[in-house]
Amino acid sequence: MAATRIFALFNLKPGQDPMVYEAWARATDIPAVRAMASVDDFQVHKVEGLLGSDATPPYGYIETIDVRDMDQFFAEVSTPQAQKIAGEFQAMVDVTFLVTKSL
């Protein structure tokens, strides 16, 4: 089975403090997602700019989630603990999730 990479492209909701979100991500989100048996890798990136441009990037953060088994992933994200974390994340951000496979 080919691995799936999920990209989460997001901005903080108005009024959200980047320092609070980033501390939460380091202490809660990153360790929890990396601990999932279905996940091979999880990275959170802060966008610093657009290459060759002074324009404002469309997103402030990008997550990559490398998933080995999507059925197992969906089972893991359905647990009460994962749902609590997902709710905290959704309260802080406006996010779009893209599900991809390598060519």
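The values are calculated or read from the model by the stated rules, or taken from the named source; none is laboratory data. Treat the numbers as computed from the prediction; the structure is a model and nothing was measured. So basically every Cβ, Gly included, is an ideal-geometry build from the backbone, and we count neighbours across all protein chains shown. SASA here: full protein model, heavy atoms, side chains in, ligands and nucleic acids out. Shrake-Rupley method; radii C 1.70, N 1.55, O 1.52, S 1.80 Å.
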Filter result for Thr96 (out of contact with any helix residue (DSSP H, G or I) (no Cβ under 8 Å at 6 or more places or on another chain) and either open to solvent by less than 50 Å² (accessible area, probe 1.4 Å) or of a type in the set (D, E, K, R) (or both)): no
Counted residues, segment 1-54 - those being within 21 Å of Val93 (Cα to Cα), among the small types (Gly, Ala, Ser) and either open to solvent by 40 Å² or more (accessible area, probe 1.4 Å) or more than 12 Å from the chain's Cα centre (by Cα) (or both): 4
Residue under evaluation Tyr59, criteria (1) in contact with a Ser or Thr (Cβ under 9 Å, 6 or more places away or on another chain); (2) not in a loop (DSSP other than H, G, I, E, B), criterion not met: (2)
Subset of segment 70-98 [under 13 Å from the mean Cα position of the chain (by Cα), part of a helix (DSSP H, G or I) and among the acidic types (Asp, Glu)]: Glu88
Residue that is touching a helix residue (DSSP H, G or I) at 6+ places or on another chain (Cβ under 7 Å) and without any contact (Cβ under 8 Å) to a residue 40 or more places away in the chain, where the choices are Ala75, Ala37, Ala27: Ala37
Any hit, segment 20-33, residues being closer than 26 Å to Lys101 by Cα and part of a strand (DSSP E or B): no
